[in-house]
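Asker: My questions all concern the structure below.
The values are calculated or read from the model by the stated rules, or taken from the named source; none is laboratory data. Because the structure is predicted, anything quoted here is derived from the model rather than measured. Neighbour counts run over all protein chains shown; Cβ positions are idealised from the backbone, glycine included.
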């Protein structure tokens, strides 16, 4: 496989949900060295991120990220990604070998435009793997967007190492209506993702996935 070294520069469009997730449901999916941060009693913050990276990116592909918790390690906070899917095998290889992320191949279908409405909300993106539908997100058109810069940390593991890398993000972001459907056969159905607290669309997005650094060691290798 051929992929560029980190950092990766990506450009495109994304839809992001924010949801409360039961800590008890996600604990088994997070390395024990990470403390899960509770925003409400027994609840951490997560969500679904679905993106399409196009021209100007180090490689073009679609991506589904399941953020299942906000975690803390030695005073460093970051998001924990429990599931991640793309439709480019080079992205799978780079994600696994550079960042230790559990990328898998999947298929993406984007439907709807201003003339043809795919759903009552107007748009839909569906992610499937073989004959299994993982999730679909119905969403509305973005009407008001503001330029927002953002950066945040993401935890991952590579063999017995605990890694941390930084994502830097610039986009025009706006609130939209969203309805998430996760099938029972989905790999992440156990998270019991309900309706989003909010859904945002990210237009003219520029994302930099930084090189990871080792921040700790695990007593045993973690398996996703």
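Asker: Restricting the first residue to the stretch 63-92 and requiring it to be within 20 Å of residue 110 (Cβ to Cβ), which pairs with a second residue that is part of a helix (DSSP H, G or I) and modelled with pLDDT of 95 or more meet a Cβ separation below 8 Å and a spacing of at least six or different chains?
Answerer: Close Cβ pairs (under 8 Å, with a partner that is part of a helix (DSSP H, G or I) and modelled with pLDDT of 95 or more) amount to 63/91; 66/191; 84/95; 86/92; 86/95.
Asker: OK, next. In the stretch 198-224, which residues are outside any strand (DSSP E or B), surrounded by fewer than 16 Cβ atoms within 10 Å (Cβ to Cβ) and at pLDDT 95 or above?
Answerer: Listed by number, the list holds a single entry, 211.
Here is a yes/no grid of residues against (1) in contact (Cβ under 8 Å) with a residue 12 or more places away in the chain; (2) more than 17 Å from the chain's Cα centre (by Cα); (3) within 19 Å of residue 51 (Cα to Cα):
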position	(1), (2), (3)
164	yes, no, no
168	yes, no, yes
175	yes, yes, yes
194	yes, no, no
199	yes, no, yes
209	yes, no, yes
213	yes, yes, no
217	yes, yes, no
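Asker: So is residue 6 in a strand (DSSP E or B) and either touching a helix residue (DSSP H, G or I) at 6+ places or on another chain (Cβ under 7 Å) or under 13 Å from residue 155 (Cβ atoms) (or both) or not? Write out each step before concluding.
Answerer: Details: in a strand (DSSP E or B): no; either touching a helix residue (DSSP H, G or I) at 6+ places or on another chain (Cβ under 7 Å) or under 13 Å from residue 155 (Cβ atoms) (or both): yes.
Judged against the criteria, residue 6 is not a match.
Asker: Would you mind telling me which numbered condition in (1) modelled with pLDDT under 95; (2) out of contact with any strand residue (DSSP E or B) (no Cβ under 9 Å at 6 or more places or on another chain) residue 5 fails?
Answerer: (1)
Asker: So, one more: Just to be sure, is residue 55 surrounded by 15 or more Cβ atoms within 10 Å (Cβ to Cβ) and either more than 14 Å from the chain's Cα centre (by Cα) or without any contact (Cβ under 8 Å) to a residue 60 or more places away in the chain (or both)?
Answerer: Values: surrounded by 15 or more Cβ atoms within 10 Å (Cβ to Cβ): no; either more than 14 Å from the chain's Cα centre (by Cα) or without any contact (Cβ under 8 Å) to a residue 60 or more places away in the chain (or both): yes.
Against the criterion (surrounded by 15 or more Cβ atoms within 10 Å (Cβ to Cβ) and either more than 14 Å from the chain's Cα centre (by Cα) or without any contact (Cβ under 8 Å) to a residue 60 or more places away in the chain (or both)), residue 55 does not qualify.
Asker: Report, by residue number, each residue of the stretch 153-197 that is in a strand (DSSP E or B) and under 22 Å from residue 218 (Cβ atoms). Break it down into steps so the answer makes sense when it comes.
Answerer: Taking the stretch 153-197 as the starting set, the residues that turn out to be in a strand (DSSP E or B) are 153-158, 161-176, 178-182.
Residues satisfying the conditions are 153, 154, 155, 156, 157, 158, 161, 162, 163, 164, 165, 166.
Asker: Out of the residues in the stretch 1-44 that are surrounded by fewer than 21 Cβ atoms within 10 Å (Cβ to Cβ) and under 14 Å from the mean Cα position of the chain (by Cα), which is farthest from residue 145 (Cα to Cα)?
Answerer: Among residues in the stretch 1-44 that are surrounded by fewer than 21 Cβ atoms within 10 Å (Cβ to Cβ) and under 14 Å from the mean Cα position of the chain (by Cα), the one farthest from residue 145 (Cα to Cα) is 18.
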